[in-house]
Amino acid sequence: MLHATKVTTLERFILDQEREYPEATGELTNLLYDIALAAKIIAAQIRRAGLVQILGDAGAVNVQGESQQKLDIFANETMKHALNRTGRVCAMASEEDEELIPIPGDVEPGRYTVLFDPLDGSSNIDVNAAVGTIFSVYSRISTGGQGTLEDVLQPGHRQVAAGYVIYGSSVMMVYSAGHGVHGFTLEPTIGEFLLSNPQMQMPRTAKYYSVNESNFQRWSKGIQAAVRGFKGEDPERMKAKNSRYIGSLVADFHRNLIKGGIFLYPGDNRNPNGKLRLLYECSPMAYLAEQAGGAATDGVNRILELQPSALHQRVPLVIGCAEDVRFVQESLKTHGNTL
Ligand code: AHG
Ligand code: MN
Ligand code: MN
């Protein structure tokens with residue numbers, strides 16, 4: 001039951017934070033609402049995903065054109081539409097677009113760039129498992145006019161905010177603007193995100209590891225040894241863990257953020273840099289992990305210090321509880337990371 005007098009909406013929470021931290025601007029607040037609105041529209045569409053065929057075939061509802069778009073294209077268009085005419089953004093970049101996304105010529109460019117993975121884990125849609133939207137916000141470097149590549153190719157430690165929305169058994173938005181990680185759950189009857197998980201923290205070490213183990217034979221000796229360690233090969237150094245892998249970074253990360261754990265997408269001899277994209281997946285998640293007391297590396301370097309060189313660059317990712325991430329780093333040093 002909802003006690004309206006006690007709830008904190010996303011709007012109220014961000015406004016309070018703004019008062020507390022004078023460097024925060026109203027513009028960033030509004031940008032986060034823009035993303036929250038896009039998330040509600042995407043969530044509504046995802047809920048109907050299994051019905052699209054039925055409604056389309058019956059011809060009873062005129063949803064075909066829009067609803068039969070692939071959901072990741074729908075999500076991409078929704079994010080762009082929610083952000084591009086606000087005057088808060090000077091350029092965007094998306095996993096679904098080859099090039100930098102300019103804002104319309106008749107709109108005054110704003111001071112932020114927003115980068116996103118509009119629908120993460122999209123192969124999970126078909127089986128009704130959780131998917132998400134990941135976002136990352138930077139202040140522009142260039143002055144005036146449309147944003148440039150330089151404005152989006154920034155190392156992750158310069159993010160001013162990052163977060164994700166998870167479309168799971170409930171819809172949650174989890175974000176950080178540099179003062180901890182906070183989670184909000186969508187209350188469907190009033191259509192508002194309400195504060196449900198303030199100051200989310202990861203433990204030093206925890207019982208879950210998540211990795212696609214079908215790649216085991218293609219990993220370096222160091223990653224193989226680390227994963228054997230997680231299975232309990234050397235209990236003196238690392239207690240045996242339990243395994244969980246959904247195949248949707250947002251869902252795997254979210255579980256590890258709530259319960260504690262480590263997620264790996266290492267390089268392998270087919271994909272030396274792994275699969276995940278630095279700008280749309282690794283950097284925003286690394287920002288959240290560090291804000292929650294965890295860590296994120298590519299096995300050697302801190303993710304947030306990597307200088308991106310291209311929009312769709314991939315990097316190996318080791319992210320989660322700090323001690324568990326360190327264990328992987330040590331294993332790579334001892335056993336090598338040659339593919
Ligand atoms: P996307 O749907 O945005 O392309 O991302 C899918 C990613 C990520 O969510 C997940 O961690 C990873 O793919 C799973 O890859 P494997 O199927 O290779 O395990
Ligand atoms: Mn993704
Ligand atoms: Mn995607």
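The values are calculated or read from the model by the stated rules, or taken from the named source; none is laboratory data. None of the values given here were measured: they were computed from a predicted structure. Cβ coordinates were reconstructed from backbone atoms using ideal geometry, including for glycine residues, and neighbour counts include every protein chain displayed. Surface accessibility is based on the protein's heavy atoms, side chains included, excluding ligands, DNA and RNA. Shrake-Rupley method; radii C 1.70, N 1.55, O 1.52, S 1.80 Å.
Observations
- A 1.4 Å probe run over the range 4-197, with the rest of the protein chains in place, finds 45 Å² accessible per residue.
- Prolate/oblate/rounded call for the range 4-197, Cα gyration tensor, a/c under 1.5 rounded: oblate
- Mean separation of Cα contacts under 8 Å (6+ apart) over length of the chain, as relative contact order %: 15
- Cα long-axis angle, helix 249-259 against the chain (0 to 90 degrees, to the nearest 10): 70
- Angle between the chain longest axis and helix 322-335 axis [Cα atoms, degrees, rounded to 10]: 50
- Protein-only accessible surface order, largest first, of Ser214, Ser220, Ser169 at 1.4 Å: Ser169, Ser214, Ser220
- Within the full protein context, the accessible area of Leu83 is estimated at about 0 Å² for a probe radius of 1.4 Å.
- Residues of type aspartates and glutamates that Lys239 reaches as a straight line, Cα spacing below 15 Å, ignoring anything fewer than 8 places off in the same chain: Glu323, Asp324
- GNM remark for the chain: springs join alpha carbons under 10 Å apart, and the peak mean-square fluctuation among Glu98, Glu290, Glu108 falls on Glu98.
- On Cα atoms only, tilt of 26-47 relative to the major axis of the chain in degrees: 80
- Among the listed pairs Lys6/Lys259; Lys40/Lys70; Lys6/Lys40; Lys40/Lys241; Lys40/Lys259; Lys259/Lys333, those beyond 24 Å (Cα-Cα): Lys6/Lys259; Lys40/Lys241; Lys40/Lys259; Lys259/Lys333
- Part-to-part distance (alpha-carbon centres) for the range 248-262 and the range 211-232, which is given in Å: 19
- Rounded to two decimals, the Cα-based Rg/Rh of the range 73-123, with Kirkwood Rh, is 0.98.
- The heavy atoms of Arg314 present about 90 square angstrom of accessible area, all protein chains included, probe 1.4 Å.
- For the chain, the ratio of Cα radius of gyration to the globular rule of thumb 2.2 N^0.38 Å stands at 1.00.
- When the trypsin sites (Lys or Arg not before Pro) in the range 3-32 are filtered for DSSP coil states and for at most 13 other beta-carbon atoms within 10 Å of their beta-carbon, the remaining sites are Lys6.
- When the residues Ile223, Ile141 are ordered by accessible surface, computed with a 1.4 Å probe over the protein chains alone, the sequence from largest down reads Ile141, Ile223.
- Calculated mean residue ellipticity, 222 nm, the chain: -9000 deg cm²/dmol, from DSSP H runs (n ≥ 4) at -39500 (n - 2.57) each, averaged per residue and rounded to 500.
- Kirkwood-Stokes translational diffusion coefficient of the range 208-335, alpha-carbon pairs, 37 °C, 0.692 mPa s, µm²/s: 229
- Cβ-placed point charges (K, R +1; D, E -1), dipole of the range 201-339 about Cα centre in debye, nearest 20: 260
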